[in-house]
Amino acid sequence: MGACRRSSVWDSYGDAMKAIVVVGTQWGDEGKGKVVDYLSKGASAVARYQGGNNAGHTVVVHGKKYKLHFIPSGVVRGKLCVLGNGMAIEPRALLGEISMLEKAGLNPKLVIDWKAHVITQEELDEDSKDSKIGTTKKGIGPCYRDKVARRGLRIIDLLDRKKLEKKTRLWKEYYEAGKKLEKYFGDASLRLQQLGSVLIEGAQGTMLDIDHGTYPFVTSSNTVAGGACTGLGIGPKSIKRVVGIAKAYTTRVGNGPFPTELDNAAGKRLRVQGNEYGTTTGRPRRCGWFDAVVVRYAARVSGLTEIALTKLDVLDGFKKVKVCVAYRKGEKVVKEMPPELGGWKPVYIEMPGWESSRVKGYASLPKEAKAYVRKIEQLAGVPVRLVSIGPGREETFRKK
Ligand code: GDP
Ligand code: IMO
Ligand code: MG
């Protein structure tokens with residue numbers, strides 16, 4: 001009997017492969033790693049479909065912290081981890097992550113799709129010169145550009161010395177890395193099809209999507225739920241639920257518009273209480289109030305079935321909390337996402353704050369915190385099913 005049969009999350013969908021997709025609804029760092037770890041309990045595998053080590057996903061279990069970049073967060077529960085064709089992979093960095101996890105006592109079970117693209121040293125060098133976007137400098141943009149220009153290098157090519165020689169001056173290092181990784185190479189789409197229940201882990205967030213985000217201040221892949229189909233080779237009918245991860249406020253790293261950004265004491269307080277420093281680059285994150293226009297937009301473009309609301313505890317102790325419900329530019333007010341965010345100012349509602357959300361269950365939350373959660377549901381048009389009040393696995397409430 002497969003592990004999936006023991007979990008109610010997957011039960012109602014019969015025997016064919018069924019997937020739950022988890023996506024970021026804001027500008028990344030919403031707590032996807034934490035929620036994926038929580039939801040992966042009954043899954044047979046956890047899969048990534050886009051991005052690479054620009055992602056930094058944190059899982060905290062019994063006080064032990066794991067920072068994941070390429071490998072899906074299901075690795076902490078010992079799940080089969082699938083790196084899909086839509087990913088951009090730097091093989092030396094991936095080997096480093098595998099060995100870090102082995103040292104931490106985990107034994108990653110991996111499938112790396114042989115059609116995933118390789119980030120070369122030349123692409124890394126190029127990205128290291130970026131100053132406009134504020135990228136993570138992991139070579140992501142140049143790698144996806146070369147993929148679309150039909151001159152990229154794929155994982156399977158790591159085993160082909162002649163191809164490698166033409167693509168990177170460090171071809172020997174890449175060849176050696178490929179030889180070490182070869183045992184994991186395979187057909188992700190086929191493997192997933194043979195499994196019952198697959199949890200799919202998005203990286204970055206909706207507003208960083210190459211099509212739907214704040215272009216050009218975006219990453220170079222489709223972060224929205226639709227990307228899971230092309231980035232893993234699965235059909236849309238296998239996706240049963242789409243869980244949007246939303247932080248109880250908003251953060252952004254890197255450049256680009258951010259209407260609810262707070263350049264004041266409240267913003268600083270969010271950064272300090274939320275420990276808002278990048279998992280991948282250590283950069284301080286820009287912080288601001290919750291933007292319901294952004295999350296409602298994420299609900300639409302990914303077809304969210306539910307929201308997991310994280311970091312509610314970070315708002316503890318604020319006398320008042322604000323939520324952006326529309327944008328204003330001069331006389332004009334809009335409630336839906338405009339094609340460009342630059343120059344739009346937030347229109348806020350204000351709600352009473354609460355002392356502490358550090359309680360044992362959803363029912364015990366202060367009434368003001370529950371009212372805040374209900375307001376988010378109402379504005380986003382999607383129910384909140386999980387509420388997170390701390391980084392640990394156990395600090396998660398189910399909300400009926
Ligand atoms: P991801 O990229 O979406 O996986 O998010 P990151 O791991 O980059 O950033 C989220 C940070 O918040 C991590 O340090 C988590 O351990 C932490 N975190 C997640 N959920 C909560 C929560 O509910 N409360 C608090 N205080 N921290 C949380
Ligand atoms: P996770 O998965 C937050 C941002 C960068 C930059 C832009 C483009 O941890 O949520 P890139 O290196 O992708 O070309 O950079 O996207 N960015 C992220 N911001 N969380 C992430 O990942 C991010 N990955 C990329 O800061 O603004
Ligand atoms: Mg992150």
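Read-outs: derived from the displayed coordinates by stated rules, not from any lab. A quick note: this is a predicted structure, and the numbers were derived from the prediction, not measured. Every residue, glycine among them, receives a Cβ derived from its backbone with ideal geometry; neighbour counts consider all protein chains shown.
Restricting to DSSP H runs of at least four residues, report the calculated mean residue ellipticity at 222 nm for the chain, -39500 (n - 2.57) per run over all residues, nearest 500 deg cm²/dmol. It comes out at -7500 deg cm²/dmol, rounded to the nearest 500. Neighbours of Trp354, meaning other residues whose beta-carbon lies under 12 angstrom from its beta-carbon, give a summed charge of +1 when Lys and Arg score +1 and Asp and Glu score -1.
State, as an integer percentage, the relative contact order of the chain based on alpha-carbon contacts under 8 Å between residues 6 or more apart.
Contact order relative to length: 19 percent.
For a 21 Å ceiling on Cα separation, which of these pairs sit above it: Lys67/Lys400; Lys138/Lys162; Lys237/Lys375; Lys320/Lys375; Lys247/Lys399? Cα-Cα > 21 Å for Lys67/Lys400; Lys138/Lys162; Lys237/Lys375; rest within. Residue pairs exceeding 31 angstrom between C-alpha atoms, taken from Lys137/Lys319; Lys79/Lys180; Lys137/Lys332; Lys109/Lys137: Lys137/Lys319; Lys137/Lys332. Database remark: amide H of Met87 closer than 5 angstrom to the amide H of His117 (H placed geometrically; neighbours at sequence offset of 5 or more, or on other chains; Pro and chain starts carry no H).
To one decimal place, what orientation-averaged projected area in nm² is obtained for the convex hull of the Cα set of region 252-291?
So the mean shadow area of the Cα hull is 2.8 nm².
Mean projection of the alpha-carbon convex hull of region 133-262 over all orientations, in nm²? Walk me through the numbers on the way to the answer.
Details: hull surface 41.7 nm².
Over all viewing directions, region 133-262 projects a mean Cα-hull area of 10.4 nm².
Which one, Ala299, Ala363, Ala55, has the greatest fluctuation when you compute a Gaussian network model over the chain with C-alpha springs under 10 angstrom? Comparing Ala299, Ala363, Ala55 in a Gaussian network model of the chain, the most mobile one is Ala363.
Please label the shape of region 14-244 as rounded, prolate or oblate, based on the square roots a ≥ b ≥ c of the eigenvalues of the alpha-carbon gyration tensor (a/c under 1.5 means rounded; beyond that, a/b larger than b/c means prolate, else oblate).
Verdict is rounded for region 14-244.
Among rounded, prolate and oblate, which fits region 207-341 when a ≥ b ≥ c are the square roots of the eigenvalues of its C-alpha gyration tensor, a/c under 1.5 means rounded, and a/b larger than b/c means prolate? Numbers along the way, then the final one.
Details: a/c = 1.64, a/b = 1.43, b/c = 1.15.
Since a/c reaches 1.5 and a/b is larger than b/c, the shape of region 207-341 is classed as prolate.
Among Thr223, Thr25, Thr168, the largest mean-square fluctuation in a Gaussian network model of the chain, built with springs joining Cα atoms closer than 10 Å, belongs to Thr168. Amide H contacts of Lys109 (H built 1.01 Å from N, in plane; Pro and chain starts excluded): Cys81 sit under 5 Å, all sequence-distant by 5 or more or on other chains.
So what's Rg/Rh here for the chain, counting alpha carbon atoms and using the Kirkwood radius for Rh?
0.96
Dividing the radius of gyration of the alpha carbons in region 98-168 by their Kirkwood radius gives 1.05 for Rg/Rh.
Using packing as a proxy for protection, rank 45-53, 212-220 so that the peptide with the highest average count of other Cβ atoms within 10 Å comes first.
In descending order of packing, they fall as 45-53, 212-220.
Sparsely packed loop sites in region 166-257 (the trypsin sites (Lys or Arg not before Pro) outside DSSP H, G, I, E and B with at most 12 other Cβ atoms within 10 Å) comprise Arg169. Measure out, as a whole number of angstrom, how far apart the alpha-carbon centroids of region 349-385 and region 257-302 sit. Region 349-385 and region 257-302 have Cα centres separated by 18 Å. Based on DSSP, what percent of beta bridges with both residues in the chain are antiparallel, to the nearest 5? Counting only bridges with both partners in the chain, antiparallel ones make up about 40 percent.
Of all the options Glu182, Glu97, Glu350, the one that moves most in a Gaussian network model of the chain with Cα springs shorter than 10 angstrom is Glu350. Across region 259-323, the mean sequence separation of Cα contacts (distance under 8 Å, 6 or more residues apart), normalised by length, yields a relative contact order of 33 percent. Taking Cβ atoms as reference points and 12 Å as the exclusive limit, the residues near Asp263 contribute a net charge of +2, counting Lys and Arg as +1 and Asp and Glu as -1. Amide H contacts of Val321: Met351, Gly353, each under 5 Å away and 5 or more positions distant or on a separate chain (H built 1.01 Å from N in the peptide plane; Pro and chain starts excluded).
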